[in-house]
Amino acid sequence: MKVMWWLSEFPPDPGGIGRLAHRIGPSLVERGVDVHHLVTWFGPSEEQSDGIPITRIPARDALLANKPAELLAVRRSIADTKRRVAPDLYHFHVCEPSPVLHIATQSAHPAPSVATLHNEVLGTIRGGGDGTLLGRLLDEATVITTVSTAAADDLVTWRPDLALKVMVVENGVDLGPPPPPLTVEPVIAAVGRLVPQKR
């Protein structure tokens, strides 16, 4: 199976989704999945990481800058990449605007898709309904995964019609080797965003 993994970033770019793909991609390849990353930050460029091809198309910047000529060029590049890679499946992370360009380039190479939500997107933007690009992206997805029950509940609250294709797939944690025994009383520090979205 060939998967086009549509990512907002990939190392050395900052961001958790890119780091996740960097760690998981080689494991997928070991299991026989043919992975191709489409990265929407920076570019255009063609790269490789651990033998996985990466196509960078600066879609996010073109969308945020609202430059029609750049958007048309990005759309053409995405369509050309879809035809060249010919994936069996698309996987999107719905955390920035570029996946809506999948809707505009669907005819280039149709295939089923998985959309992943990392937080309560619909409640935050009060959108995702009929007639919106986000709504169409979710409608077209074969499966919608969320990384938490809270994100799944938010999605179903706003779009109960999508409930049958929503699955919670929590982020995994790489535990690494067991730590050595403690010789002193431990001191623990935690860093996080104290915002309602993070509960």
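Readers should treat all values here as calculations from the given coordinates under stated rules, not as data from a laboratory. Since the model is a prediction, treat every value here as computed from it, not as a measurement.
Viscosity 1.002 mPa s, temperature 20 °C: give me the Stokes-Einstein translational D for the stretch 54-125 in µm²/s, with Rh taken as the Kirkwood radius over C-alpha pairs.
Numbers: Rh = 13.1 Å.
It diffuses with D of about 164 µm²/s by this estimate.
Compute from the Cα atoms of the chain the Rg and the Dmax, the latter being the longest Cα-Cα distance, and quote both in angstrom.
Expressed in Å, the Cα Rg and Dmax of the chain come to 18.3, 62.
Build a GNM of the chain with springs between Cα atoms under 10 Å: which of P87, P177, P112 gets the top mean-square fluctuation?
P177
Kindly provide the helix-only [θ] at 222 nm of the chain, computed as the sum of -39,500 (n - 2.57) over DSSP H runs of four or more divided by all residues, to the nearest 500 deg cm²/dmol? Show your work: numbers first, answer last.
Details: 7 runs with 67 residues, N = 199.
Dividing the helical sum by the residues of the chain leaves -9500 deg cm²/dmol.
Using a Gaussian network model of the chain whose springs link C-alpha atoms within less than 10 Å, name the residue from G176, G25, G16 with the highest mean-square fluctuation.
G176
In a Gaussian network model over the chain where Cα atoms closer than 10 Å are linked, find which of T116, T132, T105 has the largest mean-square fluctuation.
T132
Hey, what do the phi angles of the stretch 26-36 turn into as Karplus ³J(HN,Hα) couplings, whole Hz, using 6.51/-1.76/1.60 and θ = phi - 60°, x for Gly and Pro?
x, 5, 5, 4, 4, 8, x, 8, 8, 9, 9
Would you kindly derive the ³J(HN,Hα) couplings of the stretch 39-52 from the backbone phi angles with the Karplus curve 6.51 cos²θ - 1.76 cosθ + 1.60 (θ = phi - 60°), listing them in order in whole Hz, with x for Gly and Pro?
3J(HN,Hα) across the stretch 39-52, in whole Hz: 10, 9, 10, 6, x, x, 6, 10, 9, 9, 9, 6, x, 9.
Once you have the Cα-Cα distance between I103 and K67, take 0.36 nm times their residue separation minus that, and quote the gain in nm to one decimal. The partial results should precede the final answer.
Working: separation 36, 0.36 × 36 = 12.96 nm, distance 1.84 nm.
Contour length minus Cα-Cα distance gives 11.1 nm.
If amide H atoms are built 1.01 Å from N in the plane of the peptide, which residues on other chains or at least 5 residues away come under 5 Å of the amide H of V168?
Those qualifying (amide H under 5 Å, at least 5 residues apart or on another chain) are T146.
Report, in whole Å, the centroid distance computed from the Cα atoms of the stretch 138-186 and the stretch 50-73.
28
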